[in-house]
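A short reminder: the numbers here are calculations on the coordinates, not readings from a lab. What you are looking at is a predicted structure, and each value in this text was computed from that prediction instead of being measured. As a convention, Cβ positions derive from the backbone with ideal geometry for all residues, glycine included, and neighbour counts pool all protein chains shown.
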């Protein structure tokens, strides 16, 4: 009985399945026929309407549909494409935040990892709110020395791009400048003090120098009777931020590390520097790869447009120069570290890649591919000697080499643009005016960042103290500052 029942059950199931498939097929065919019929009818109707419109007198058409009211489809498409490109670039630059976090964490000790990760989250969260509140207005508002603050109001901005999107794009650059400082002052700074000086970077130091260079200020004023034109015959050029972002962060980092003092055990009684290895070079290497990837938003994204053939060529050129400089910086840092220390150093190679990226950022749009290789190579080599000089001669403890990578190489890359620019560079026969403008701009912005950093850190150190107690530093900031550790 059971076998017979199962047999009948399978037959019924097979018949039901067959009928269901036939119904589906019939329904699909009917729907397809209906769609085809509807499509043919719609096309026929459209053709009829087009013929009727074509037969109408031209004068009547012109009277009924004014030209001014016709939608600018090409313009709308161009704006949409430019906006998507700008926001995509902003996403890539934002992705550099975890890159910075991993590099800093990998180059420092395990007991401070949670503190470092927390700081990299906070500088973006806090910096974004502050930059939206006042920093954006100070940077892009009207004015020669400083922009007019607008306090949450974006209506003053009109550069052909959506205001909110442009704010987001500029915010991620501001966050980059703030996070650079964290690495040089790692492993001994009070978390509360980090919050305070992040405020000053986001609402004062970065926006004001950014206004001089990107916001319509005096360093970029190309009017005939302007200061820069009278003195140099040209204006300062920093396409994506070697000086505006990286050098500003690097000089603040150097001053902060000097005022803060070295980590316990960094220098012996004889004054000689002692290496304090980071806990995870794998994490640091992953961070550098992420930064390298994000830099393809940082530099090419600064084109801010992607809708024309000229934009496409410019973006492609910047992609190429950016990548070549990174490769040259890493390769030459590897070679020099091998010659100098007897072994090819992974740490120096990683920082060499970053040095090449920082160096090319100012002139990535203006130099040839060969010029990009030279700039990257020079920055990669100089970075190694700069790290030694700051560590062993100046006795300033910078755990990740941020002041050398960002401060020194940002300054150097800006000046090298004055030599290698194919349109204004000294090596291309255009005179010394542009080189002078680059040197002057880099010095002025560097002096502003270092001077303001010195004042802020000195005041904070006197009022509340920048540094954690010795016991906290020795046992680790994770537990004492945050009550948790990154590894359990």
Original post:
Taking a point 7 angstrom from the Cα of residue 273 along the C-beta vector, which residues in segment 388-420 have backbone N less than 17 Å away?
Top reply: 388-409
**OP:** Arrange 428, 341, 197 by Cβ neighbour counts within 10 Å, fewest through most, would you?
**Re:** 341, 428, 197
**OP:** Kindly identify segment 352-484 as rounded, prolate or oblate by the Cα gyration tensor criterion: order the square roots of the eigenvalues as a ≥ b ≥ c, call it rounded if a/c is under 1.5, otherwise compare a/b with b/c, prolate if a/b is larger, else oblate.
**Re:** prolate
Subject >> Whether segment 221-335 is rounded, prolate or oblate, judged on the alpha carbon gyration tensor where a/c under 1.5 counts as rounded >> reply: oblate
**OP:** Please report how far the C-alpha centroid of segment 242-290 lies from that of segment 325-390, rounded to the nearest whole angstrom.
**Re:** 17 Å
Original post:
Expressed as a whole number of Å, what is the distance separating the alpha-carbon centroids of segment 421-459 and segment 155-178?
Top reply: 24 Å
Original post:
Once label points are set 7 Å from the Cα along Cα→Cβ at both residue 125 and residue 151, what is their separation, rounded to one decimal in nm?
Top reply: 2.6 nm
Original post:
If each of residue 385 and residue 488 carries a label point 7 Å out from its Cα toward its Cβ, how far apart are those two points in nm?
Top reply: 5.0 nm
Original post:
Rounded, prolate or oblate: which fits the chain, taking a ≥ b ≥ c as square roots of the Cα gyration tensor eigenvalues, rounded meaning a/c under 1.5, else prolate when a/b beats b/c?
Top reply: oblate
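Taking other Cβ within 10 Å of each residue's Cβ, how do 93, 439 sort, fewest first? Numbers along the way, then the final one.
On the way: 93 27, 439 17.
Lowest count first: 439, 93.
Which of 103, 381, 318 has the fewest other C-beta atoms within 10 Å, and how do the rest follow up to the most? Numbers along the way, then the final one.
On the way: 103 31, 381 19, 318 25.
Listed from fewest to most nearby Cβ atoms, that is 381, 318, 103.
Using only alpha carbon pairs under 8 Å that are at least six residues apart, calculate the relative contact order of the chain and give it in whole percent.
Working: 841 pairs, mean separation 98.9, N = 488.
For the chain, the relative contact order is 20 percent.
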Original post:
At what distance in nm do the modelled label points of residue 304 and residue 335 sit from each other, each positioned 7 Å from its Cα along Cα→Cβ?
Top reply: 3.8 nm
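Using 0.36 nm times the number of residues separating residue 289 and residue 455, minus their current alpha carbon distance, what extension gain do you get? Intermediate values should be presented prior to the final figure.
On the way: separation 166, 0.36 × 166 = 59.76 nm, distance 3.51 nm.
The residue 289-residue 455 span can extend by a further 56.3 nm.
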Original post:
Okay, which of segment 187-213 sit inside 13 Å, backbone N to the point 7 Å along the Cα-Cβ direction of residue 226?
Top reply: 211-213
**OP:** Provide the FRET efficiency to the nearest 0.05 for the residue 464-residue 370 pair, computing r from the beta carbons and using R0 = 60 Å.
**Re:** 0.75
**OP:** Please give the FRET efficiency for residue 73 paired with residue 319, using the beta carbon to beta carbon distance and R0 = 30 Å, rounded to the nearest 0.05.
**Re:** 0.55
